[in-house]
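The values are calculated or read from the model by the stated rules, or taken from the named source; none is laboratory data. Quick caveat, the model's predicted, so the values are computed rather than measured. Cβ coordinates were reconstructed from backbone atoms using ideal geometry, including for glycine residues, and neighbour counts include every protein chain displayed. Areas reflect the complete protein model, heavy atoms only, side chains present, ligands, DNA and RNA absent. Shrake-Rupley method; radii C 1.70, N 1.55, O 1.52, S 1.80 Å.
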There are 2 protein chains.
Amino acid sequence: MSHPTVTDPIDAADTEVRVDKKVMEDVLLGHWADTRRHARELLKNEAFHKVEGMSKEDHRERVFKQMHLLAEDGAVHRAFPKEFGGSDAHGANIAAFEELVTADPSLQIKAGVQWGLFAAAVMHLGSEDHHRRFLPATMDLRAPGAFAMTEFGHGSDVASIGTTATYDPSTEEFILNTPFPAATKRYLGNAANDAKDAVVFAQLITNGVNHGVHCLYTNIRGEDGKPLAGITITDEGQKGGLNGVDNGCFSFDNIRVPRTNLLNRYGDVAADGTYSSPIDSPGRRFFTMLGTLVQGRVSLTGASVAASKLALIGAITYGNQRRQFNASSTIEEEVLLDYQLHQRRLLPRLATTFAANFAHENLLTKLDDVFSGKDASDENRQELETLAAAIKSVTTWHALDTLQEAREACGGAGFISENRLVSLRADLDVYVTFEGDNNVLLQLVAKRLLSDYAAEFKDADFGVLSRYVANQAQSTVMNRFGLRRAVQSVQDTGDERRSANWFKQPEVQRELLTERSRQMVIDVAGELRSASKLPAAKQAAIFNEHQFEIINAAKAHADLLLWESFTEALERVSDPGTKQIMTWLRDLYALTRIEDTLDWYLLNGRISSQRARTLTPYVNRLLERLRPHAQDIVDSFGYSPEHVRMEITSGAEQRRQDESMEYYRALRASPDGPVDEKLMQSRKR
Amino acid sequence: MSHPTVTDPIDAADTEVRVDKKVMEDVLLGHWADTRRHARELLKNEAFHKVEGMSKEDHRERVFKQMHLLAEDGAVHRAFPKEFGGSDAHGANIAAFEELVTADPSLQIKAGVQWGLFAAAVMHLGSEDHHRRFLPATMDLRAPGAFAMTEFGHGSDVASIGTTATYDPSTEEFILNTPFPAATKRYLGNAANDAKDAVVFAQLITNGVNHGVHCLYTNIRGEDGKPLAGITITDEGQKGGLNGVDNGCFSFDNIRVPRTNLLNRYGDVAADGTYSSPIDSPGRRFFTMLGTLVQGRVSLTGASVAASKLALIGAITYGNQRRQFNASSTIEEEVLLDYQLHQRRLLPRLATTFAANFAHENLLTKLDDVFSGKDASDENRQELETLAAAIKSVTTWHALDTLQEAREACGGAGFISENRLVSLRADLDVYVTFEGDNNVLLQLVAKRLLSDYAAEFKDADFGVLSRYVANQAQSTVMNRFGLRRAVQSVQDTGDERRSANWFKQPEVQRELLTERSRQMVIDVAGELRSASKLPAAKQAAIFNEHQFEIINAAKAHADLLLWESFTEALERVSDPGTKQIMTWLRDLYALTRIEDTLDWYLLNGRISSQRARTLTPYVNRLLERLRPHAQDIVDSFGYSPEHVRMEITSGAEQRRQDESMEYYRALRASPDGPVDEKLMQSRKR
């Protein structure tokens, strides 16, 4: 299609604004800025840096040494109780922890297994006795450990794992068993080489009753480093990335675990085998236990934001120095970032990275509220879990997408390991499926959205309910058949500038993003409601027919969460130039999300065709406005050369460009320089 | 949005059709089926198979040994002249060659460097003398060689490379020089370790005139394996993939090359320094020389199709065995591929793989026509290059996308190297930027589309031209303001079934895909026409403002090319069941492409809102139709376990599922089996 004349042109005021890098850095670093700065300082030490091309054996050894350095520094103990040398600081802990990804994602994950999962399970699922007995050694790494939850047969569906822990009152022990091969524990970090102990998730059976999944602390390897009798350990071998982590598998053949090693905060077994729990409902008990481990998802989100920043520092710095093809001049080639396509490839991803940064900051604050006890209400816990599920999904995918686009935008240089883009991408690949597969997490989000929606008329009598639905239907019809659209079209007539202005209003962006998420939920709810009286299998079939829409509704909700976080953060920016540039980034985030889903807005009459046609030109205008500030923006991420460590950001490319320009300048000035055959031919004519 | 009632329901006839695997395999293998089968047979030998996790040193050594096996077998000589032991078979050569990717992409690329670039440059750019002197040793690997074209400073823009070859008539030699660091040759396969010789691309300067890029054959390493004096070689080191290829850099300090080593088919220098060429125009000469190397792009296309097939064999086989979550039954979990989302993730990619297979087959036929001399006209050569550029771009991206989705669809198992998905993805990553960066290639395609369009009224006088443009404008206006849409809406009223039927008509699919590509070109041409009288810098600026649209127009054209190839291939299918199922796949390809760009169709009035709302439900219906045949389809790719080599396709997952089901069946039957706490609680109530 051809576009309407460009409106909202770039004026002098636009070109005069500047990023105050200090201001931008502070806003991005957020509440735990000091902690982050401290962590980054520590990670300048090259002892922490990944060495590309190492064998997995050497890499594992290196990472294990790095773990000891972290433990010595106390860098990984912030979340633990003060009495054990921690500082009860949950948000700060993750803020520091996620920076590890800049050193080596294997280190982030291996440290995450040790302190964020293994030791954290002791802390959150155990009682004071367990803290005293187990925490010190897990914290200082005398007891490296595995977190044995996932099995061959069950990853995302933890409730269905097959490992059993059957209580034997005669010896006051649990008997751990792997009853069939698919119940073998797998993908366990620390398992193949280093773990001495483990927390093992198993179906707890006592007095003939299965009380569901519980967690036991158990010894895995003897002092000689060999697996205990009855425990079989295998190595997962080479992986697509994270080869500094020694993933392995456990299977158990009648392993006896003392009764007092059951991490019993949410469920206990008395000496005689009597089961007790502070939470009656087995379902709620299970989700409460799992909910204490939400920090894994939160830290993957933060690491994804950090990796996206590294990718953009690389590609934008290179794009500002690298030249290829001459279009507007016969003697000078274009800088890559002056190409519209290059801006299209990198700047919307930069905008999304900002949105993700602020969404993660909010998530971290909520986590801190819940774990510090500031607001540990059930509702707030559930909200934390829903937010973490939504934001973990979109940010981990965003990191892979950004790393890949950055690598392609750097051409062959992007493929060389010394520029780290391929290496980071390979390591972060698994972030989209572990700690909850993204597509499964998005379904949890959608279920929550649906039940929130249903709760609106939970207590309404039939009359009210039917009125509610009727109102809803009317509004859908009105949108679908274009009445609202018609009104917009009339307003737009003859004033395209107003159309572009319309898109840049935050209230409009909020309405558009909210309505998409909301209406999609309403539509799915309408389809599912008819199924509620049917047998389970039929219900499941109808749910399945709408699974794709359900996922899309959850994604739309996540888009909105990111937008709200970004918009809220703008309030915290004092410097007007920085605020203006960040507002363009926020607009770019909103409008590229809307552009990507424009068919929905058109089909549902939320945006008229006339307005819609102003969208892409306006996005292009935002790219043009932001382009001069791109370098300042990535420079404000606050990373030093020791964190970035790419040849393409070292200044080498600029030197190469300068040298070759100087060579050609001298050649043009020299009377002996060769004449171009083309030029000679045209002179002859 | 809520969907209209499902139409075009699945009936008995739909469920009765079956894939005839032999028929489908033959159609997919195409014209060079026997050659492919022969190549696959050879590659069953595990000596050719990639070993995951090798150091790059060991991997390089292994691949170099494999190269000798290939040379001994003659497997890589088909394209060479009969007199040198080849068979002048260009299409067959690539058909066999691209199968190497199933063994190890490093082997494919290293073999591609040796025989498809280095030796091929001798063959295509050299004269008979060069063939006699150089071909035998390059063919049998006595002379491993590098193809020294790309430099630090210039990849996609080959015409601007900086290396110089200055003729010295006093000794009848060329002097090769790297005049500044950015002119260092880089990314060269074979360079770091193995190359004895090289073909070097350089600016040819004689008698004070630069005649542009030419190619010289030169010795690089002495008999002792050390670089010759004046040649500096460095190693690119670790890469994101393809670590079995020894990429390196060359720089030249006054290297003397005999005059007769200039590969002189398209440009020669006499003893006295006089330059001559059969092609007068330096521009056309350059593109003719480069055009002889198009087989690189064609073979990357074929390899991408093969890798996509392996990915889908892995993910679909696993998706048919793996179970997770129970929705419709309390005792049996769902098979992954029964989930709509899983179908959505894999089946459209399966459909695109078919389309890519047939587009590649057509490309190969055209290449064979050009290189065999059957139709070597300039027009056909140009068409080959445009097709190769378009199809290489979309198929290499498709392979990465498919490998990634397959890896995610297999969860953690997808991340383990033994299942090869991460490994193949890492190796194929660089395919999207080498042999022509995809985004640069798409711009070449767009330029061709624009000039074809402009040629329509090249000879028209002003009156005709303006009428043409006016007609065009009218048609755009009519579409934009919804007149055509209104007509459709009337036709659709009350007959949604007709809407779905509309989308499945091939003429409708062709019209929709054609019109999108065509109209986008027309729109861009309209915008650019106004710039044609402006100075170069302004013209470039206006072109740049539309770069994103231009790329999208080229992608739309590629979509159409794939669709046409698929549709044409359906004519070659005799078995009605196979044809029906392939027709659903073709429809799925078309309709998911249209779904992805639906906003364009709505904005341009090509599809009414009412029809558009039937699109997604119809796509879902196609998924449901295809789902039962998914395994048969991937089984018909004709690959053996020796080619696939994934744990997830070995039957191990099915065994694990069977064992665990048997365990639970026995447990349910046993009076001693533990009772579920949930069940016990509900009994108590």
Against the condition of a type outside the set (Phe, Trp, Tyr) and within 13 Å of another protein chain (Cβ to nearest Cβ), how does A:PRO641 come out, does it pass? no
The one condition in (1) open to solvent by less than 20 Å² (accessible area, probe 1.4 Å); (2) within 26 Å of A:ASN552 (Cα to Cα) that A:THR616 fails to fulfil: (1)
In the set B:ALA554, B:ALA537, which member is open to solvent by 40 Å² or more (accessible area, probe 1.4 Å) and within 14 Å of another protein chain (Cβ to nearest Cβ)? B:ALA537
Starting from residues that are farther than 21 Å from B:GLY267 by Cα and within 13 Å of chain A (Cβ to nearest Cβ), keep the ones in the range B:134-164 and report whichever is surrounded by the most Cβ atoms within 10 Å (Cβ to Cβ). B:GLU151
Being within 8 Å of chain B (Cβ to nearest Cβ) and open to solvent by less than 30 Å² (accessible area, probe 1.4 Å) is the filter here; which residues of the range A:322-344 pass it? A:GLN324, A:GLN340, A:LEU341, A:ARG344
Just to be sure before I move on: is A:VAL634 surrounded by fewer than 20 Cβ atoms within 10 Å (Cβ to Cβ), more than 11 Å from chain B (Cβ to nearest Cβ) and touching a residue at least 24 places away in the same chain (Cβ under 8 Å) in the structure I sent? no
For A:ASP452, are the conditions met, namely being more than 14 Å from chain B (Cβ to nearest Cβ), at pLDDT 75 or above, under 25 Å from B:LEU341 (Cα atoms) and assigned to a helix (DSSP H, G or I)? yes
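Residues are listed down the side, and each one gets a yes or a no for (1) of a type in the set (Lys, Arg); (2) at pLDDT below 90; (3) under 30 Å from the mean Cα position of the chain (by Cα); (4) assigned to a helix (DSSP H, G or I):
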residue	(1), (2), (3), (4)
A:ARG518	yes, yes, yes, yes
A:ILE522	no, yes, yes, yes
A:LYS538	yes, yes, no, yes
A:PHE543	no, yes, yes, yes
A:GLU549	no, no, yes, yes
A:ALA553	no, no, yes, yes
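Can you go through B:MET582, B:MET646 and tell me which one is closer than 30 Å to A:ALA182 by Cβ and in contact (Cβ under 8 Å) with a residue 40 or more places away in the chain? Reasoning before the result, please.
Numbers: B:MET582 fails: closer than 30 Å to A:ALA182 by Cβ.
When all the criteria are applied, what remains is B:MET646.
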What's the number of the only condition in (1) touching a Ser or Thr at 6+ places or on another chain (Cβ under 8 Å); (2) open to solvent by 20 Å² or more (accessible area, probe 1.4 Å); (3) in a helix (DSSP H, G or I) that B:ALA306 fails to meet? (2)
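Does B:SER574 satisfy the criteria of being open to solvent by 10 Å² or more (accessible area, probe 1.4 Å) and over 27 Å from A:ARG611 (Cβ atoms)?
Numbers: open to solvent by 10 Å² or more (accessible area, probe 1.4 Å): yes; over 27 Å from A:ARG611 (Cβ atoms): yes.
The answer is yes for B:SER574.
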Checklist (1) away from chain A (no Cβ under 14 Å); (2) among the charged types (D, E, K, R); (3) more than 21 Å from B:VAL619 (Cα to Cα) applied to B:ARG586, failing item: (3)
How many residues of the range A:277-303 are more than 14 Å from every other protein chain (Cβ to nearest Cβ) and either among the small types (Gly, Ala, Ser) or surrounded by fewer than 21 Cβ atoms within 10 Å (Cβ to Cβ) (or both)? The answer is 10
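Any residue in the range A:193-201 that is charged (D, E, K, R), under 30 Å from A:ILE279 (Cα atoms) and touching a Gly at 6+ places or on another chain (Cβ under 7 Å)? Don't jump to the end; show me each part of the working.
At the first step, the residues of the range A:193-201 found to be charged (D, E, K, R) are A:194, A:196-197.
Now drop any that are not under 30 Å from A:ILE279 (Cα atoms), which leaves A:197.
Applying the additional criterion that residues be touching a Gly at 6+ places or on another chain (Cβ under 7 Å) yields A:197.
The answer is yes; a qualifying residue exists.
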Residue count, the range A:44-94 (criterion: more than 26 Å from A:HIS360 (Cα to Cα) and either aromatic (Phe, Trp, Tyr) or within 14 Å of chain B (Cβ to nearest Cβ) (or both)): 12
Within the range A:407-434, track down each residue that is outside any helix (DSSP H, G or I) and either farther than 18 Å from A:ALA307 by Cα or within 8 Å of chain B (Cβ to nearest Cβ) (or both). A:ILE416, A:THR433, A:PHE434
Top-ranked residue of the range A:365-388 - restricted to ones that are open to solvent by 50 Å² or more (accessible area, probe 1.4 Å) and in contact (Cβ under 8 Å) with a residue 40 or more places away in the chain, ranked as farthest from the chain's Cα centre (by Cα): A:SER372
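Please verify whether A:ARG611 is in a helix (DSSP H, G or I), charged (D, E, K, R) and more than 10 Å from chain B (Cβ to nearest Cβ), treating the condition exactly as stated. So that I can check it myself, show each step before the final result.
Working: in a helix (DSSP H, G or I): yes; charged (D, E, K, R): yes; more than 10 Å from chain B (Cβ to nearest Cβ): yes.
Against the criterion (in a helix (DSSP H, G or I), charged (D, E, K, R) and more than 10 Å from chain B (Cβ to nearest Cβ)), A:ARG611 qualifies.
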Those residues of the range B:310-321 which are of a type outside the set (Ser, Thr, Tyr) and either open to solvent by 10 Å² or more (accessible area, probe 1.4 Å) or touching a Cys at 6+ places or on another chain (Cβ under 9 Å) (or both), in sequence order: B:ILE313, B:GLY314, B:ALA315, B:GLY319, B:ASN320, B:GLN321
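Hey, can you tell me all the residues within the range B:41-98 that are basic (Lys, Arg) and either closer than 20 Å to B:HIS31 by Cβ or touching a residue at least 60 places away in the same chain (Cβ under 8 Å) (or both)?
Within the range B:41-98, the subset basic (Lys, Arg) is B:44, B:50, B:56, B:60, B:62, B:65, B:78, B:82.
Of everything in the range B:41-98, those that are basic (Lys, Arg) and either closer than 20 Å to B:HIS31 by Cβ or touching a residue at least 60 places away in the same chain (Cβ under 8 Å) (or both) turn out to be B:LYS44, B:LYS50, B:LYS56, B:ARG60, B:ARG62, B:ARG78.
Of all residues in the range A:655-683, how many are within 11 Å of chain B (Cβ to nearest Cβ) and in a helix (DSSP H, G or I)?
At the first step, the residues of the range A:655-683 found to be within 11 Å of chain B (Cβ to nearest Cβ) are A:655-664, A:666-667, A:671-682.
Now narrow it down to the ones that are in a helix (DSSP H, G or I): A:655-664, A:666-667, A:677-682.
Qualifying residue count for the region: 18.
Among the listed residues A:TYR187, A:TYR167, which satisfies the condition of being crowded, with 23+ Cβ neighbours inside 10 Å and under 25 Å from B:GLN324 (Cβ atoms)?
A:TYR187
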Scan the range B:252-276 for residues that are of a type in the set (Gly, Ala, Ser), open to solvent by 30 Å² or more (accessible area, probe 1.4 Å) and in contact (Cβ under 8 Å) with a residue 60 or more places away in the chain and report the count. 1
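Report those helices (runs of 4 or more DSSP H) wholly inside the range B:75-194 carrying at least 1 residues which are closer than 30 Å to B:LEU421 by Cβ. Show your work before the answer.
Details: elements: B:90-97, B:100-103, B:105-111, B:119-125, B:128-139.
Answer list for the range B:75-194: B:90-97, B:100-103, B:105-111.
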Among the residues of the range B:389-398, is there at least one that is under 30 Å from B:GLN657 (Cβ atoms) and open to solvent by 30 Å² or more (accessible area, probe 1.4 Å)? no
Considering the range B:594-608, residues that are open to solvent by 10 Å² or more (accessible area, probe 1.4 Å) and in contact with a Lys or Arg (Cβ under 9 Å, 6 or more places away or on another chain), and then whichever is farthest from the other protein chains (Cβ to nearest Cβ), we arrive at B:ARG606
For the range A:440-449: of the residues being in contact with a helix residue (DSSP H, G or I) (Cβ under 6 Å, 6 or more places away or on another chain) and open to solvent by 10 Å² or more (accessible area, probe 1.4 Å), which is nearest to A:ALA388 (Cα to Cα)? A:LEU444
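Tell me, please, whether a residue that is among the charged types (D, E, K, R) and in contact with a helix residue (DSSP H, G or I) (Cβ under 7 Å, 6 or more places away or on another chain) can be found in the range B:354-361. So that I can check it myself, show each step before the final result.
Let us first name the residues in the range B:354-361 that are among the charged types (D, E, K, R), namely B:361.
If we keep only those that are in contact with a helix residue (DSSP H, G or I) (Cβ under 7 Å, 6 or more places away or on another chain) too, we end up with B:361.
Yes; the residues of the range B:354-361 include at least one that is among the charged types (D, E, K, R) and in contact with a helix residue (DSSP H, G or I) (Cβ under 7 Å, 6 or more places away or on another chain).
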